[in-house]
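The values are calculated or read from the model by the stated rules, or taken from the named source; none is laboratory data. Treat the numbers as computed from the prediction; the structure is a model and nothing was measured. Positions of Cβ are generated from backbone atoms using ideal geometry, with glycine treated the same way; all protein chains shown enter the neighbour counts.
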Amino acid sequence: MKKIIPFPRLLALLIIALTLLFTPGSLPRLPSTPYEQARVFTRSIEFDYVAWGARASLDKLRQIALGASHYLSEDQQKQVVMEYIDLVSQSVHLEAQIEQIYSEPSITDPQNFSIPWRDQLSQVQSRLKKTAPLAESILQQQISLTLRDLDLSALGQPIPPVLFQVTELPKALIISPRSVIRQDAFVSLEANLPLDQITGLEEQIARQMDVSALVEDVGGIGMYPTMIIRTTNLSFLIEVAAHEWIHNFLTLRPLGWNYDTSPELRSMNETTANLSGKEISQAVLRRFYPELLPKPQPAPSGTLSAAPIESPPSEPVFDFRAEMHTTRLKADELLAAGKIEEAEAYMEERRQLFLQNGYRIRKLNQAYFAFHGAYADVPGGAAGEDPVGPAVVALREKSPSLAAFLRRIAWITSLDDLQQAVSAPD
């Protein structure tokens, strides 16, 4: 396997520059904006990106200086990554067991009762702390090699270099007007806020600003190095890392520069990152972890003249995306008619329906749709009738490669330009 040649000094300078460039919230905002109004309530609990970025950059510089992943064979690299995923799985399982012990009323002394599980968790986390940096370095290298294969590199290196760290992620406070579904503010909060504080914050902001507010979890943050959620799913981990790298790639180009200019451009950015992240993840798996790809289904046996086997009727399956799509369309219709309270009552009624069908949605409101509706790479769902997602998908489908798609869309800065690119002759 060909190796990407590291350039420690160049990368050190590049990491520092990109960390400063991609750190969120570095630009001053006018006090009159919804963002600044929301920060009146959040300043003391906001996530410290500068401190996190400094620590993560130092960690990555140490990893680059050691270059340990370059001394391992491809098989050894795979073993390290799979060991890391197994350790994460063990950690998640033990944490769930401990939480269950503390929530069980019949256990009068959970502190002592849980000692064996807590000791085991401590051992697993100690091994995980040692394994994670090397596993991250290997995955960074594998994603980089795949990006080179996809013609998304310069002189053998993707720009910016792929750097990520699995970490506890900040929570996102989303602000939308009540009269229309639109993200007006996004504020990053500390990772471990208790639920009662979260709900209290949402209610206070909603009441005093007369807006729709929601605090949500996120899967990744596109600062530099990028922040990635802990997961036991290797395919998803790679997908999120690639998604956030796409944001860094676009930030160096007009589409990324204009991320916050309009809801359409934010949706264009997120849908592009979603599509590309999934495609890159599948390419990494094909090259390095083919055994994790879905197995092809065998062709059905029998002759064409054979009579079909009738199966007993089953209850209809609850289609989350279709139901969420229906909810968004109706909410948009009510809001457009000025029926704000009716729309909010309807969304709460629909939330109860989702809960009854196993989907734990804590709050379904305008802010929920403003946040989730920007990820429109799959038809239906929270995006409703937003034309951006289908247009981005159409442009990818008519592009000869992922690289051609990204180089085209990276320079598009309006929905009109996107639709013209889709309708233009090949």
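Here is how the numbers come out for the structure above:
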| read-out | value |
| --- | --- |
| Complete set of residues in the range 64-87 that are of a type outside the set (A, V, I, L, M) and assigned to a helix (DSSP H, G or I) | Ser69, His70, Tyr71, Glu74, Asp75, Gln76, Gln77, Lys78, Gln79, Glu83, Tyr84, Asp86 |
| Ala394 being among the small types (Gly, Ala, Ser) and either buried (at least 16 other Cβ atoms within 10 Å of the Cβ) or in contact (Cβ under 8 Å) with a residue 60 or more places away in the chain (or both) | no |
| Lone qualifier among Asn233, Asn258 - being out of contact with any strand residue (DSSP E or B) (no Cβ under 8 Å at 6 or more places or on another chain), closer than 18 Å to Val388 by Cα and of a type outside the set (Gly, Ala, Ser) | Asn258 |
| Test: residue in the range 353-366 that is among the aliphatic types (A, V, I, L, M), closer than 21 Å to Ile246 by Cβ and more than 23 Å from the chain's Cα centre (by Cα) | no |
| Selected residue (only one of Ile64, Ile115 is in contact (Cβ under 8 Å) with a residue 24 or more places away in the chain, farther than 23 Å from Leu285 by Cβ and not small (Gly, Ala, Ser)) | Ile64 |
| Among (1) touching a residue at least 60 places away in the same chain (Cβ under 8 Å); (2) outside any loop (DSSP other than H, G, I, E, B); (3) buried (at least 17 other Cβ atoms within 10 Å of the Cβ) - the single one Arg321 does not satisfy | (3) |
| Contacts under 8 angstrom Cβ, first residue in the range 404-417 being closer than 15 Å to Ala394 by Cα, partner surrounded by 14 or more Cβ atoms within 10 Å (Cβ to Cβ) and of a type in the set (Asp, Glu), 6 or more apart | Leu415/Glu264 |
| Test: residue in the range 348-361 that is part of a helix (DSSP H, G or I), surrounded by 14 or more Cβ atoms within 10 Å (Cβ to Cβ), of a type in the set (D, E, K, R) and at pLDDT 95 or above | yes |
| Near pairs, Cβ below 6 angstrom, 6+ apart or cross-chain, from the range 342-361 (under 15 Å from Leu329 (Cβ atoms)) to any residue that is surrounded by 12 or more Cβ atoms within 10 Å (Cβ to Cβ) | Glu342/Leu334; Ala343/Ala331; Ala343/Leu334; Ala343/Leu335; Met347/Ala331; Met347/Leu364; Met347/Asn365; Arg350/Thr327 |
| Members of the range 89-109 found to be over 24 Å from Thr131 (Cβ atoms), out of contact with any Phe, Trp or Tyr (no Cβ under 7 Å at 6 or more places or on another chain) and among the β-branched types (Val, Ile, Thr), listed by number | Thr108 |
| Verdict on Ser153 being among the polar types (S, T, N, Q), crowded, with 16+ Cβ neighbours inside 10 Å and without any contact (Cβ under 8 Å) to a residue 24 or more places away in the chain | yes |
| Candidate set: the range 397-426, residues that are outside any helix (DSSP H, G or I) and of a type in the set (Gly, Ala, Ser); chosen: the one surrounded by the fewest Cβ atoms within 10 Å (Cβ to Cβ) | Ala424 |
| Conditions (1) within 17 Å of the chain's Cα centre (by Cα); (2) surrounded by 21 or more Cβ atoms within 10 Å (Cβ to Cβ): number failed by Leu169 | (2) |
| So Ser235, is it of a type outside the set (Phe, Trp, Tyr) and either more than 30 Å from Leu293 (Cβ to Cβ) or in a loop (DSSP other than H, G, I, E, B) (or both) | no |
| The range 289-332, residues that are polar (S, T, N, Q) and modelled with pLDDT under 75 | Gln297, Ser301, Thr303, Ser305, Ser311, Ser314 |
| Pick from the range 95-124, criterion within 21 Å of Phe236 (Cβ to Cβ) and surrounded by 12 or more Cβ atoms within 10 Å (Cβ to Cβ), ranking: nearest to the chain's Cα centre (by Cα) | Glu95 |
| First in the range 249-267 and in a loop (DSSP other than H, G, I, E, B), second anywhere and β-branched (Val, Ile, Thr), Cβ under 8 Å, 6 or more apart | Leu252/Ile159; Asn258/Thr413; Tyr259/Thr251; Thr261/Thr413 |
